[in-house]
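Some notes on the structure that comes next.
The values are calculated or read from the model by the stated rules, or taken from the named source; none is laboratory data. Nothing here was measured: the structure is a model prediction, and the numbers come from that model. Cβ coordinates were reconstructed from backbone atoms using ideal geometry, including for glycine residues, and neighbour counts include every protein chain displayed. These accessible areas exclude ligands, DNA and RNA; they are computed on the full protein's heavy atoms, side chains included. Shrake-Rupley method; radii C 1.70, N 1.55, O 1.52, S 1.80 Å.
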Amino acid sequence: MRVFFGLILTCFVFTGSSQTTTVEGYVFETGNRGYIYDAAITAEHMETEELVDKTRSDKDGYFKLKVPSNSMIRLYAAKEMFDIKRVETKVGSGKTFIKLEMGRAPGYTFEVTLAEKRSYSEQVVDAISGARIEVYNNTTRNSVMDLKDHDIPEFQLNLLKGNHYTILVRKNGFLSKRMEAKVDVEGCILCFEGVGDVGPGVSDNLTEGNTFGVLLANVELERIFEGKTMEIQNLYYDLAKWSLKGAAKRELNKVITLMKDNPSLTLELGAHTDSRGSNTINLELSNKRAQSAVNYLIRKGGIAKTRIVSKGYGENVLLNNCGNGSKCTEEEHAKNRRTELKIIGITDVREVKSLAQMKEEEFLEEQILELMDQEQIQAKDEEELSRILEADQQVRVDVPQPMGDNEDINSIDSVSQVLLLEASENEMKSKSVSAVQEKDQEEILETKEEEEEEEEESDTTQKKVSPITNNVSDGVKVILYQSPTPLSEDHWLFHRHEGLEVMDDGFGKIYYMIGGFRHESDAFQFRKAYILPDKKYKRSFVAFIQNGVLAVVNR
């Protein structure tokens with residue numbers, strides 16, 4: 001009898017503890033701005049802190065949960081672009097109704113419509129569907145969107161405060177469109193590049209203080225075809241010169257991005273002059289300017305030589321009537337001084353890198369360049385310190401030393417100061433006379449070396465190419481050389497080093513390296529002592545390889 005009563009009591013307790021009830025309600029935005037769709041709603045038992053149920057709100061903001069009866073429940077509502085809402089409530093044995101009010105987090109909803117670019121303002125164009133739309137968060141280094149063959153011409157993106165986004169839109173037959181959006185990053189409260197006009201939404205204007213809201217943009221894509229030309233803006237040279245200045249390099253960096261975003265294109269880079277001066281000189285000058293720009297694209301951007309050619313047009317293709325002997329203003333002549341890209345080939349590229357792959361490649365390149373800049377600064381500082389110490393030592397040797405107790409110490413100090421000043425002035429004069437010559441000579445030699453290296457790298461049609469096994473062991477390596485294409489087997493690098501490891505990173509770079517270092521310090525010491533003295537290795541660096549992934553090691 002006691003056993004039977006115990007079983008009944010146990011069943012009663014179990015049944016009572018497993019009884020549930022319903023919690024239902026609505027999720028809406030603060031200020032009665034509408035119901036919130038697809039918010040994640042979770043219920044947690046406050047005593048046990050266990051998750052008891054979860055769901056998502058429907059298009060009307062409605063949700064429904066099953067929770068234990070007669071208990072304390074903690075509800076959470078979460079959705080991107082909104083602050084998390086937390087509510088604690090006691091539920092009985094009957095249905096409980098609750099409203100969840102969510103405040104919008106600082107940020108924006110970016111609504112984009114895709115269409116073909118108009119040739120003139122009144123032209124009627126079609127919307128573009130079937131595009132691939134990718135979004136990469138540069139701040140968190142994560143892909144946040146990848147819509148393949150998006151079947152409608154619109155897409156929506158949430159831009160959170162404190163983040164920098166890259167947006168890439170690709171569609172067969174059109175030029176890929178890359179856009180940058182910064183939200184409260186690097187001094188930009190809200191900055192867009194490559195988008196055009198961006199305005200607040202009709203139904204959801206920006207709030208006071210521009211903390212959140214809806215932004216609308218029409219993004220136009222340009223059709224590609226052989227013969228299409230695109231002007232490179234703000235690519236200027238000094239008078240009668242072809243060397244690239246800092247501003248010109250920044251513009252060419254945009255061309256590098258354009259070519260990486262559009263791997264199917266083969267381009268001609270053409271340089272044009274105005275009509276003033278000799279026709280022959282203008283033609284030669286434009287040829288040198290075009291070749292200088294192409295060399296930069298190949299060397300700095302890793303663009304294959306087969307994808308970009310140079311051509312100088314001189315004054316042969318003027319955009320107006322400012323020919324020889326004409327009276328034109330400086331502004332009219334300036335229209336003819338330009339650099340243009342022309343599409344001369346369109347190929348079918350089977351394997352296309354994702355935006356995330358391209359961004360990781362760009363990040364690695366930035367690391368390498370930053371490392372090289374730091375080393376150049378350190379080398380200059382060490383050279384300057386050595387020069388000062390040598391000059392100081394020479395002055396100390398030449399200063400007369402006191403011979404007796406009656407020697408005037410103050411006069412010796414004065415002599416030392418005068419000699420030091422004279423030595424410094426003489427050294428500065430001699431340095432200033434030869435500095436320009438030395439710098440010019442170094443630049444000429446470096447340019448010549450780089451051109452020779454480029455010729456070696458590109459001349460693989462007649463030479464046997466070295467194999468790429470990708471069987472690179474994990475560990476610390478010294479990267480001796482990097483190339484966009486495989487090196488030939490008779491390249492100078494293979495004559496100098498045996499047992500080179502070769503790795504294709506899958507991002508358009510092939511790395512040639514040596515390893516066997518136990519510690520990073522050993523690799524840095526080896527590189528400094530045996531590698532860096534030779535200018536052929538100026539792009540070398542130390543890296544760590546693990547599972548086929550390369551990471552730059554900063555000292």
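What to note about this one:
- Selected residue (criterion: farthest from residue 552 (Cα to Cα)) from residues of the stretch 507-523 that are in a loop (DSSP other than H, G, I, E, B) and in contact with an Asp or Glu (Cβ under 9 Å, 6 or more places away or on another chain): 508
- Among the residues of the stretch 20-53, those identified as open to solvent by 70 Å² or more (accessible area, probe 1.4 Å) and under 18 Å from residue 83 (Cα atoms) are 26, 32, 33, 35, 37.
- Scanning the stretch 539-549 for residues that are open to solvent by less than 70 Å² (accessible area, probe 1.4 Å) and part of a loop (DSSP other than H, G, I, E, B) turns up 540, 548.
- Residue list for the stretch 252-274, restricted to those being outside any helix (DSSP H, G or I) and out of contact with any strand residue (DSSP E or B) (no Cβ under 9 Å at 6 or more places or on another chain): 263, 274
- A single member of 290, 247 is within 21 Å of residue 336 (Cα to Cα), among the aliphatic types (A, V, I, L, M), touching a residue at least 12 places away in the same chain (Cβ under 8 Å) and surrounded by 19 or more Cβ atoms within 10 Å (Cβ to Cβ), and it is 290.
- For residue 502, the stated conditions hold: it is crowded, with 17+ Cβ neighbours inside 10 Å, outside any loop (DSSP other than H, G, I, E, B) and at pLDDT 80 or above.
- Of the residues 488, 521, the single one that is of a type in the set (S, T, N, Q) and open to solvent by less than 50 Å² (accessible area, probe 1.4 Å) is 488.
- Total residues in the stretch 344-370, condition of a type in the set (Lys, Arg) and either modelled with pLDDT of 90 or more or surrounded by 13 or more Cβ atoms within 10 Å (Cβ to Cβ) (or both): 2
- You will find that of 270, 323, 301, the residue that is open to solvent by less than 70 Å² (accessible area, probe 1.4 Å) and out of contact with any Lys or Arg (no Cβ under 9 Å at 6 or more places or on another chain) is 323 and no other.
- Count of the stretch 61-84 residues which are under 12 Å from residue 40 (Cα atoms) and touching a residue at least 24 places away in the same chain (Cβ under 8 Å): 12
- When the residues of the stretch 131-142 are filtered to those that are touching a Lys or Arg at 6+ places or on another chain (Cβ under 8 Å) and open to solvent by 30 Å² or more (accessible area, probe 1.4 Å), the one that is nearest to residue 220 (Cα to Cα) is 132.
For every residue, the table says whether it meets (1) surrounded by 16 or more Cβ atoms within 10 Å (Cβ to Cβ); (2) more than 24 Å from residue 354 (Cβ to Cβ).
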residue: 84; (1), (2): no, yes
residue: 87; (1), (2): no, yes
residue: 107; (1), (2): yes, yes
residue: 115; (1), (2): no, yes
residue: 120; (1), (2): no, yes
residue: 129; (1), (2): no, no
residue: 144; (1), (2): yes, no
residue: 147; (1), (2): no, no
residue: 157; (1), (2): yes, no
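- Matching option when the condition is at pLDDT below 90 and more than 30 Å from residue 145 (Cβ to Cβ), among 88, 80, 49: 49
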